[in-house]
Amino acid sequence: MSLTFHWFLPTNGDSRHVVGGGHGTPATASGRDRPPTVGYLSQIARAAEDLGFVGALTPTGAWCEDAWLTTAMVSRHTERLKFLVAFRPGFVSPTLAAQMAATFQRQSGGRLLLNVVTGGESREQRAYGDFLDKDARYRRTDEFLRIVRELWQGKTVDLDGAQLRVADARLVRLPDPVPEVYFGGSSPLAGEVAARHADVYLTWGEPPAQVAGKLDWIRRLAAAEGRTLRFGIRLHVITRDTSAQAWAEADRLLAGFDPETVRSVQAGLARSESEGQRRMLALHGGDRAALEIHPNLWAGIGLVRGGAGTALVGSHEEVADRIEEYHALGIDEFVLSGYPHLEEAYWFGEGVLPRLAGRGRWRHPGDRPARTSPQVPFAS
């Protein structure tokens, strides 16, 4: 089975430094270095498509541009690349979301994937008019996905649930193909929702032993529902011709972290209601001194960024080795990013992917032959 790789569209802005933000924290000033224009995001998307990434994730929240609108515009500048659109179920009705997804599939040629984000921060949710607590939000997500999936099957849906109510809901035109649902979460209710509704369960990049425990947990829950899920992992990457070059780049990024910014971001993230965010913070504890938490796994990004806070750092061979290590646990899909996203897409696409192709782990989704020798166009 060929591994699947997705890239990231930085709709919060891009930079040669880490752009912080997420989970209730605002985007850092470095996000203004390269504004998230349709032109620049389309450059990244075209590069990802050419290099062999299957899709591109777009985030959701007050700290970034709207994912639906942005990807709809960027899709016009690409041919094959899919868009893993993050969205929060509480912000639109399930019937409208099902209709939006169907429209996106028709207008893009079937290139929509959905990353369902329940929303871990009550303060940010309230800003959008959502006053449910975290547990109630997960129960609403459960009802939301039940409605959406039945609508996509062509059913007429009536539901008088604890959080959502629809009557005689149906779609005139169904999505073709039905979008796959990607879902992540580390709390007990998140696991239950994933087991019932997700096609792909996503985890953030923790050390392999911790990831293995999460996958076993989800497998048990899914088996109880009579289902089998695929698994993906969200990571940043810093990959270079040599290990020394990669770690020098990590050190450069770390040197750019203003101590006051780190303190402020860590204080904000410590108030997060997200169990996944709590696990990310526990990997480094705000300490700059011990950031390599597993061979080639660096927790430095999480000092200034909410959400995914770890990066694979090393030579192309080492990064390929770590990808195979995660794959051995059951991970088949990798959602990756790096700063800046245009250049890092080439470092990974021309450095790591050919090595994985040589090991029989990957082939270009456009059926193009993999480059046999890395051709990295940027100086480290």
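The values are calculated or read from the model by the stated rules, or taken from the named source; none is laboratory data. Quick caveat: nothing in here was measured; it's all calculated off a predicted structure. Virtual Cβ from ideal backbone geometry, glycine too; neighbours counted across all protein chains shown. With ligands, DNA and RNA removed, areas are computed over all heavy atoms of the protein, side chains included. Shrake-Rupley method; radii C 1.70, N 1.55, O 1.52, S 1.80 Å.
In table form, for the structure just shown:
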item: From 338, 286, 302, 306, residue being in contact with a His (Cβ under 7 Å, 6 or more places away or on another chain) and free of Cβ contacts under 8 Å to residues at least 40 places away in the same chain; result: 302
item: Criterion violated by residue 228 - all others in (1) modelled with pLDDT of 95 or more; (2) of a type outside the set (A, V, I, L, M); (3) touching a Lys or Arg at 6+ places or on another chain (Cβ under 6 Å) satisfied; result: (3)
item: Selected residue (criterion: most open to solvent (accessible area, probe 1.4 Å)) from residues of region 37-49 that are touching a helix residue (DSSP H, G or I) at 6+ places or on another chain (Cβ under 7 Å) and of a type outside the set (Ser, Thr, Tyr); result: 46
item: Enumeration of residues in region 117-131 that are assigned to a helix (DSSP H, G or I) and either open to solvent by less than 40 Å² (accessible area, probe 1.4 Å) or of a type in the set (D, E, K, R) (or both); result: 122, 123, 124, 125, 126
item: Residue 99, sole failed condition from (1) farther than 21 Å from residue 171 by Cβ; (2) over 20 Å from the mean Cα position of the chain (by Cα); result: (1)
item: Qualifying position, being on the phi < 0 side of the Ramachandran plot, more than 15 Å from the chain's Cα centre (by Cα), basic (Lys, Arg) and modelled with pLDDT of 95 or more, among 32, 46; result: 46
item: Number of the condition not met by residue 293 [criteria: (1) within 23 Å of the chain's Cα centre (by Cα); (2) of a type in the set (Val, Ile, Thr); (3) part of a helix (DSSP H, G or I)]; result: (3)
item: Matching residues in region 12-36 - criterion: being more than 22 Å from residue 278 (Cβ to Cβ) and open to solvent by 40 Å² or more (accessible area, probe 1.4 Å); result: 16, 17, 29, 32, 33, 34, 35
item: Selection count, region 282-333, where residues are among the polar types (S, T, N, Q), out of contact with any Ser or Thr (no Cβ under 6 Å at 6 or more places or on another chain) and open to solvent by 10 Å² or more (accessible area, probe 1.4 Å); result: 1
item: Flag for residue 134 being surrounded by 14 or more Cβ atoms within 10 Å (Cβ to Cβ) and charged (D, E, K, R); result: yes
item: Selected residue (criterion: nearest to residue 310 (Cα to Cα)) from residues of region 1-17 that are of a type in the set (A, V, I, L, M) and modelled with pLDDT of 95 or more; result: 9
item: Entirely in region 164-280, the strands (runs of 3 or more DSSP E) that have 2 or more residues that are open to solvent by less than 10 Å² (accessible area, probe 1.4 Å); result: 181-184, 200-204, 230-240
item: Qualifying residues in region 50-107 (those that are among the aromatic types (Phe, Trp, Tyr) and part of a helix (DSSP H, G or I)) - the one surrounded by the fewest Cβ atoms within 10 Å (Cβ to Cβ); result: 91
item: Enumeration of residues in region 263-319 that are farther than 14 Å from residue 235 by Cα, of a type in the set (Ser, Thr, Tyr) and at pLDDT 95 or above; result: 315
